[in-house]
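Right, one structure below, let's go through it.
Each value in this text was obtained by applying a stated rule to the coordinates, not by laboratory testing. This structure is a prediction, so every number in the text was calculated from the model and none was measured. Cβ placement follows ideal geometry from the backbone for every residue including glycine, while neighbour counts extend to all protein chains displayed.
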Amino acid sequence: MPLHQGPQASPAAHERRLALNPFFGEANPVGGMTEAPPRHRLPDGPLPPMSAYQLVHDELMLDGNSRLNLATFVTTWMEPQAGVLMAECRDKNMIDKDEYPRTAELERRCVAMLAQLWNAPDPDSAVGCSTTGSSEACMLAGLALKRRWSKRNADRYPASARPNLVMGVNVQVCWEKFCEFWEVEARLVPMEGDRFHLDAESAAALCDENTIGVVAILGSTFDGSYEPVAEICAALDALQERTGLDIPVHVDGASGAMVAPFLDEDLVWDFRLPRVSSINTSGHKYGLVYPGVGWALWRSPAELPEELVFRVNYLGGDMPTFALNFSRPGAQVVAQYYTFLRLGREGYRTVQQTARDVARGLAERIEAMGDFRLITRGDQLPVFAFTTAPDVTSFDVFDVSRRLREQGWLVPAYTFPAHREDLSVLRVVCRNGFSADLADLFIEDLKRLLPELRRQPRPFTHDKDAATSFHH
Ligand SMILES: *Cc1c(COP(=O)(O)O)cnc(C)c1O
């Protein structure tokens with residue numbers, strides 16, 4: 001499908017007008033029938049607000065039920081109080097630091113809290129910012145890596161050297177975007193056998209004098225597993241000893257940077273590792289805020305080249321900002337601060353532990369059915385991937401995904417990347433709000449479907465690409 005190229009339907013459908021229910025008219029029901037607005041052109045005149053509201057509302061009824069969406073990592077439930085705060089702040093523009101100094105202050109406090117949570121050596125001097133999500137945060141972190149490399153290599157760049165970034169083939173699409181947009185070679189380590197993410201040895205082997213950094217993911221969107229950040233750092237320490245190359249690591253903690261600090265306190269993956277120069281997370285994933293808010297932090301000002309930081313007016317002074325956008329909503333940042341305040345460490349731990357318990361329990365029960373083989377068990381991110389057992393020949397993961405959809409459950413099925421294109425999986429993301437009760441209902445639905453799936457003569461999905469739903 002091309003990018004928003006107007007109506008995709010036939011010319012006749014294009015001309016069809018929206019259908020106004022005669023009851024919608026404020027006073028005169030006939031108005032509703034004569035004022036039907038066009039779909040793809042700006043209407044000539046206005047509609048009463050109730051009619052406009054109802055038209056938009058009715059069309060959106062066919063969007064899925066977000067709580068049954070087990071494909072997304074993004075928050076689909078918040079407390080009513082958070083919703084009220086967000087509504088109170090919907091007119092606030094994050095960039096107007098001068099006009100909304102308290103919103104700016106709450107952003108600053110969130111950065112300080114995250115610096116401490118991620119064990120920055122000196123939390124007060126760590127630098128960071130809010131973004132629209134992890135994608136923007138990764139762009140900013142990648143830009144900082146590239147700029148630091150190009151300053152170190154000013155004699156060779158841009159004349160001859162081409163910068164590269166080393167990462168696993170399982171990276172989220174934002175890293176491919178970063179490399180494409182900013183002309184950096186993506187050096188992707190393929191999957192191998194039962195290794196579905198980056199390993200330390202392969203990462204170090206791909207580094208050379210043009211490597212701007214290594215991206216380690218906590219955790220992988222493909223199967224919810226954590227990449228071995230400490231091992232990757234150790235391999236790069238050894239590389240530096242051997243060759244003198246000093247390669248920084250960025251941790252893409254879109255999900256895991258808000259899980260591991262609460263559930264895996266012994267896992268060393270953050271600024272405690274001197275080689276980790278920056279970390280991002282999605283406030284709208286396990287940060288537990290509605291979309292879109294993300295965070296990017298650098299261990300100290302030395303990791304963030306000054307010239308990338310712009311200044312905006314703040315109470316008559318200068319407020320530094322690092323962002324791709326200019327205007328963006330302040331409500332999400334306020335909601336993040338609310339959630340930090342509301343839950344604290346203990347609250348976050350309980351919420352994430354509940355999600356992990358649901359994921360583990362669900363994975364075990366799916367394994368016990370006998371038709372499936374688990375790829376991961378939900379014990380890192382509260383996320384697990386599974387495939388059909390080797391002796392299952394009558395259906396495949398795409399059939400399961402399609403049939404679950406009939407019950408309202410969105411569970412993506414997709415094929416793994418190089419070199420495991422032979423492996424197709426289903427993935428379940430357990431989030432706050434996907435309760436043990438909902439998990440029971442999910443299992444009941446899956447159990448009800450299985451006899452029919454087993455009776456299929458063969459898998460029904462011919463076009464596997466078409467069947468693959470959105471899974472990042
Ligand atoms: C979701 C995700 C991203 C992109 O984050 P957005 O907040 O959706 O922009 C990047 N990396 C990883 C590992 C992710 O899970």
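Annotations
- Cα centroid of the range 142-187 to Cα centroid of the range 252-280, whole Å: 22 Å
- Shape of the range 96-164, Cα gyration tensor, a/c cut at 1.5: prolate
- The base-10 log of I(q)/I(0) for the range 80-340, evaluated at q = 0.07 Å⁻¹, reads -0.24 [Debye formula, identical scatterers on Cα atoms, solvent excluded].
- Charged neighbours of S134, selected by a Cβ distance under 11 Å, balance to -1 (K, R count +1; D, E count -1).
- Taking a ≥ b ≥ c as the square roots of the eigenvalues of the alpha-carbon gyration tensor, the range 123-248 is classed rounded because a/c is under 1.5.
- Surface/4 of the Cα convex hull for the range 355-467, nm²: 7.0 nm²
- Residues S160 and S66, FRET efficiency given R0 of 60 Å [Cβ-Cβ distance, rounded to 0.05]: 0.75
- Computed [θ] at 222 nm, helices only, for the chain once each DSSP H run of length n ≥ 4 contributes -39500 (n - 2.57): -11500 deg cm²/dmol
- Two-site label geometry, Q353 and Q407: point separation in nm, points 7 Å out along Cα→Cβ: 3.0 nm
- Centroid-to-centroid separation of the range 47-115 and the range 284-358 [C-alpha atoms, Å]: 14 Å
- Restricting the GluC sites (Glu not before Pro) of the range 209-305 to loop positions (DSSP other than H, G, I, E, B) with no more than 10 neighbouring Cβ atoms within 10 Å leaves E265.
- Between E241 and E105, residue separation times 0.36 nm minus the direct Cα-Cα distance comes to 44.7 nm.
- Electrostatic tally near V189: other residues with Cβ closer than 13 Å to its Cβ, Lys and Arg +1, Asp and Glu -1, net -1.
- Here the peptides 267-276, 328-337 are ranked by packing, the mean other Cβ count within 10 Å, and the order with the highest first is 328-337, 267-276.
- For a straight C-alpha distance cut-off of 25 angstrom, the lysines reachable from K146 (same-chain residues fewer than eight places away being disregarded) are K177.
- Relative contact order %, the chain, counting alpha carbon pairs below 8 Å whose residues are six or more apart: 19 percent
- Extension gain for the segment E346 to V56, taken as residue separation times 0.36 nm less the Cα-Cα distance, is 100.3 nm to one decimal.
- On full extension, the segment bounded by A436 and S150 gains 97.9 nm, given 0.36 nm per residue less the C-alpha separation.
- Whole-Hz Karplus values for the range 373-387 come out as 10, 7, 8, 9, 10, x, 9, 10, 5, x, 9, 9, 10, 8, 10 Hz, taken residue by residue from phi with 6.51 cos²θ - 1.76 cosθ + 1.60 and θ = phi - 60°; glycine and proline positions read x.
- Cα shape, the chain, gyration tensor, a/c 1.5 rule: oblate
- In Hz, Karplus ³J(HN,Hα) per residue of the range 124-129 (6.51, -1.76, 1.60; θ = phi - 60°; x = Gly, Pro): 6, 9, 5, 10, x, 7
- Computed from label points 7 Å out along Cα-Cβ, the spacing between E88 and L3 is 3.9 nm.
- Sites D318 and A186, calculated FRET efficiency, Cβ-Cβ separation with R0 41 Å, nearest 0.05: 0.70
- For the range 224-355, the Cβ-based charge dipole about the Cα centre amounts to some 560 debye (Lys, Arg positive; Asp, Glu negative; other atoms uncharged).
- Other residues within the sphere of radius under 9 Å centred on the Cβ of I217, judged by their own Cβ, net out at -2 (K and R +1, D and E -1).
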